[in-house]
Amino acid sequence: MKQTSNTKSLNIGLFGLGVVGSGLVEILEKNEHPGLHLSKICVKDPLKKRSVAQDKLTFDAADILNDPSINVVIETINGSDDAFGIVSEALRRGKAVISANKKMVAGHFAELLSIQDETGMPLLYEGAACGGIPIVRTLEEHFGSEPLESVSGIFNGTSNYILSNMFRNGSTLDAALLDAQRLGFAELDPSSDIGGDDAKYKLILLAAHSLGIMARPESVLSLGIHHLRKADIAYARSLDCKIKLTPVSRRVGEHKLVLYVLPSLVHEEHFLYHVENEYNGVEIQGTYSGLQHLKGRGAGSLPTGSALLADLNALRHGYRYQYRKKRLNGQSILEQNHELNLYIRAPKYIRLDELGVKNAQVIDETEETYAVTGIGILSHLLDKKQWFEDHKIFIMQIS
C-alpha cells in the first residue's frame, strides 16, 4: 500500500445529488480545481428538476461503472445495500472510491477492507465521519503510531443543533427538529440522527482507525435523544450541565474496548459543553500526547462537500488508508460487561425492577414519569434496547 508523490487527473463519476452530492457540485463549480473533472452524475428521478447541465446526468449506474475514462467514483446515496453494490463494483473495476455513506461503510467494513486488499484500489470516507473535521486522516496519520486510550465527542450536528435549541430557547424537541430541517441541518427522515444510529456508524469508523477494531453495528449500543423531556433538561440545568449525544470508544483493559452512543450530562468545564448548534467536537486521549480537541461544522452540504474535496485531492497524490491500528491491534474485543452510571426516566407504569439497574434511586417524579439514577450493564442495555424504545424510556450517562 504505497503512497506516491505523483499527482494525476481525476475524472469523477458521482452517485447521488442530494444534500451531500449537491454540496460537492457547488464547491467544484465555485472555484477552479485543476486535475478534477466531474464527468457524470447518476441520479434516480428523471422528472426532478436539477441545477446541473443535462448532459452530465444519467439514470443508469452502468454509464459510470462501465466508462473506462472515469477513474474515481463518489458515492453519496442514501441506501446502504445499493451503495455497497456500487462501491464494491467500482473498486473491482479498478476505480478509486470516495463514500459519504457511514452506514454502508460501518455495515460492510471487513468486506470493504478485503476488496481493497484484493484489488489494490483505495476507498476514502472522510465525508462519512464528522463533517468538516478531518478526523479520519488525523487518526491515520498523526496518531497512526501512538496508542490511543479513547476517542469520543459529538459526531452528529443535527442532534447537537436540536439540543442547543432546546437548552437555549426552551423549545420542544419537535419544534427544534423542524427548525433544523428548515435550515438544512436535518433530513426529512431524522430518525438515524436523533436515534443515535448516525453517530454509531461514525463511531465504528473512527474506532477502526484509532483503536483497531471493526465492530459490527448490531454489537454497539446506540440510544438517542428522541425521548428527551423538559424534566430531563431541568435536571441537567440543576447540575450546571447540558445534555449532549456522545459516542464513546475507550480502552478498558488489555485488548478490551467499549463502544457505545448515549446522551450524556456534560459539565460547563468540559470541552463538549461549548460545542453548540450544528458543530461537531472530537476528543482524543493519547497515551503520550495527552488530551486533544477538534471542532468543526458537522451538518450541512458544504462541510461534507469540503471533506469529499479533500479526499479527491488526497487521491490525486495516491493516498490510501493504511489501517495501522487494525493491523497492529486486530485481537482487541468489545467488553460488553462494562458498567455505566445512568440517569433513566420512565413512564410510571414501568416497575423499577424492570429497568435492570443496580443501586436504583428515585430522584424525581411527575404525574406521568419518574427518574432514577443507578448502574447499568452495557450488555443489558444492548439486549433491552428495543424494549426501552417501545416504552419511550430516556437514558443518559451521568458520570
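Output the number of residues of the stretch 79-100 satisfying the condition of being open to solvent by 30 Å² or more (accessible area, probe 1.4 Å) and of a type in the set (A, V, I, L, M, F, W, C).
So the answer is 1.
Residues checked against (1) open to solvent by less than 10 Å² (accessible area, probe 1.4 Å); (2) small (Gly, Ala, Ser); (3) closer than 19 Å to Thr304 by Cβ; (4) in contact with a His (Cβ under 9 Å, 6 or more places away or on another chain):
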| residue | (1), (2), (3), (4) |
| --- | --- |
| Phe15 | yes, no, yes, no |
| Asn31 | no, no, yes, no |
| Leu38 | no, no, yes, no |
| Ala62 | no, yes, no, no |
| Ile77 | no, no, yes, no |
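Whether any residue in the stretch 182-201 is part of a strand (DSSP E or B) and within 16 Å of Ile154 (Cβ to Cβ) is what I want to check. Explain how you work it out, then say what you get.
First, the residues of the stretch 182-201 that are part of a strand (DSSP E or B): none.
Among the residues of the stretch 182-201, not one is part of a strand (DSSP E or B) and within 16 Å of Ile154 (Cβ to Cβ), which makes the answer no.
If a residue must be farther than 18 Å from Gly79 by Cβ and either open to solvent by less than 30 Å² (accessible area, probe 1.4 Å) or of a type in the set (Gly, Ala, Ser) (or both), how many such residues does the stretch 174-194 contain?
The initial filter retains those residues of the stretch 174-194 that are farther than 18 Å from Gly79 by Cβ, namely 174-186, 194.
Filter once more, keeping what is either open to solvent by less than 30 Å² (accessible area, probe 1.4 Å) or of a type in the set (Gly, Ala, Ser) (or both): 175-177, 180, 184, 186, 194.
Residues meeting the conditions: 7.
If I ask for residues that are among the hydroxyl-bearing types (Ser, Thr, Tyr) and open to solvent by less than 10 Å² (accessible area, probe 1.4 Å), which ones from the stretch 163-173 would you list? Before you say what the answer is, go through the steps one by one.
From the stretch 163-173, those among the hydroxyl-bearing types (Ser, Thr, Tyr) are 164, 171-172; that's our starting set.
Within the stretch 163-173, just Ser164 meets the criteria.
Return the pair list, or none, for Cβ contacts closer than 9 Å from residues in the stretch 83-104 that are on the phi > 0 side of the Ramachandran plot to residues that are surrounded by fewer than 22 Cβ atoms within 10 Å (Cβ to Cβ) and in a loop (DSSP other than H, G, I, E, B), at least 6 apart or on different chains.
Pairs found: Gly94/Pro68; Gly94/Asn71; Gly94/Gly120; Gly94/Met121.
With Leu124, Leu112 as the choices, which residue is of a type in the set (A, V, I, L, M), open to solvent by less than 20 Å² (accessible area, probe 1.4 Å), touching a residue at least 60 places away in the same chain (Cβ under 8 Å) and in contact with a strand residue (DSSP E or B) (Cβ under 9 Å, 6 or more places away or on another chain)?
Details: Leu112 fails: touching a residue at least 60 places away in the same chain (Cβ under 8 Å).
Matching residue, one of Leu124, Leu112: Leu124.
State all residues of the stretch 230-275 that are part of a strand (DSSP E or B), touching a Pro at 6+ places or on another chain (Cβ under 9 Å) and open to solvent by less than 30 Å² (accessible area, probe 1.4 Å); if no residue qualifies, say none.
Of the residues in the stretch 230-275, the ones part of a strand (DSSP E or B) are 241-253, 256-267.
From what is left, the residues that are touching a Pro at 6+ places or on another chain (Cβ under 9 Å) are 243-246, 251, 259-262.
Passing the criteria: Ile243, Lys244, Leu245, Thr246, Leu259, Tyr260, Val261, Leu262.
Quick check on this structure: which one of Ser114, Ser22, Ser39 is part of a helix (DSSP H, G or I) and modelled with pLDDT of 95 or more? Give the derivation first.
Numbers: Ser22 fails: modelled with pLDDT of 95 or more; Ser39 fails: part of a helix (DSSP H, G or I).
Result: Ser114 is the single residue among Ser114, Ser22, Ser39 that is part of a helix (DSSP H, G or I) and modelled with pLDDT of 95 or more.
From the list Gly318, Gly286, Gly281, Gly305, which one is on the phi > 0 side of the Ramachandran plot and either small (Gly, Ala, Ser) or touching a Lys or Arg at 6+ places or on another chain (Cβ under 8 Å) (or both)? Before you say what the answer is, go through the steps one by one.
On the way: Gly286 fails: on the phi > 0 side of the Ramachandran plot; Gly281 fails: on the phi > 0 side of the Ramachandran plot; Gly305 fails: on the phi > 0 side of the Ramachandran plot.
Answer to the selection: Gly318.
Residues in the stretch 139-162 that are open to solvent by 10 Å² or more (accessible area, probe 1.4 Å) and part of a strand (DSSP E or B): how many?
Adding up the residues that qualify gives 3.
In the stretch 163-174, which residues are under 14 Å from His227 (Cα atoms) and either under 18 Å from the mean Cα position of the chain (by Cα) or assigned to a helix (DSSP H, G or I) (or both)?
Scanning the stretch 163-174 gives Leu163, Met166, Leu173, Asp174.
So, Ile204, is that one in contact with a strand residue (DSSP E or B) (Cβ under 8 Å, 6 or more places away or on another chain), surrounded by fewer than 24 Cβ atoms within 10 Å (Cβ to Cβ) and within 19 Å of Lys103 (Cβ to Cβ) or not?
Details: in contact with a strand residue (DSSP E or B) (Cβ under 8 Å, 6 or more places away or on another chain): yes; surrounded by fewer than 24 Cβ atoms within 10 Å (Cβ to Cβ): no; within 19 Å of Lys103 (Cβ to Cβ): yes.
When the stated conditions are applied, Ile204 does not pass them.
Would you mind telling me which numbered condition in (1) at pLDDT below 95; (2) buried (at least 16 other Cβ atoms within 10 Å of the Cβ) Ile70 fails?
(1)
Could you tell me whether the stretch 57-78 includes any residue that is touching a residue at least 40 places away in the same chain (Cβ under 8 Å) and at positive phi?
Within the stretch 57-78, none of the residues are touching a residue at least 40 places away in the same chain (Cβ under 8 Å) and at positive phi.
Is there a residue being more than 30 Å from Arg182 (Cβ to Cβ) and without any contact (Cβ under 8 Å) to a residue 40 or more places away in the chain anywhere in the stretch 335-347? Spell out the reasoning first.
So the first thing to find is which residues in the stretch 335-347 are more than 30 Å from Arg182 (Cβ to Cβ), and the list is 335-344, 346-347.
Filter once more, keeping what is without any contact (Cβ under 8 Å) to a residue 40 or more places away in the chain: 339.
Yes, the stretch 335-347 has at least one match.
Applying the selection to the stretch 276-296, what residues are more than 22 Å from Ser249 (Cβ to Cβ) and open to solvent by 30 Å² or more (accessible area, probe 1.4 Å)?
The first filter runs over the stretch 276-296 and keeps only residues more than 22 Å from Ser249 (Cβ to Cβ), leaving 276-278.
If the condition is that a residue be more than 22 Å from Ser249 (Cβ to Cβ) and open to solvent by 30 Å² or more (accessible area, probe 1.4 Å), then Glu276, Asn277 are the ones that fit.
The values are calculated or read from the model by the stated rules, or taken from the named source; none is laboratory data. Predicted, not measured: the structure shown is a model, and the values here were computed from it. No Cβ is skipped: glycine too gets one built from the backbone with ideal geometry, and neighbour counts run over all protein chains shown. Surface areas here come from the heavy atoms of the whole protein model, side chains and all, with no ligands, DNA or RNA. Shrake-Rupley method; radii C 1.70, N 1.55, O 1.52, S 1.80 Å.
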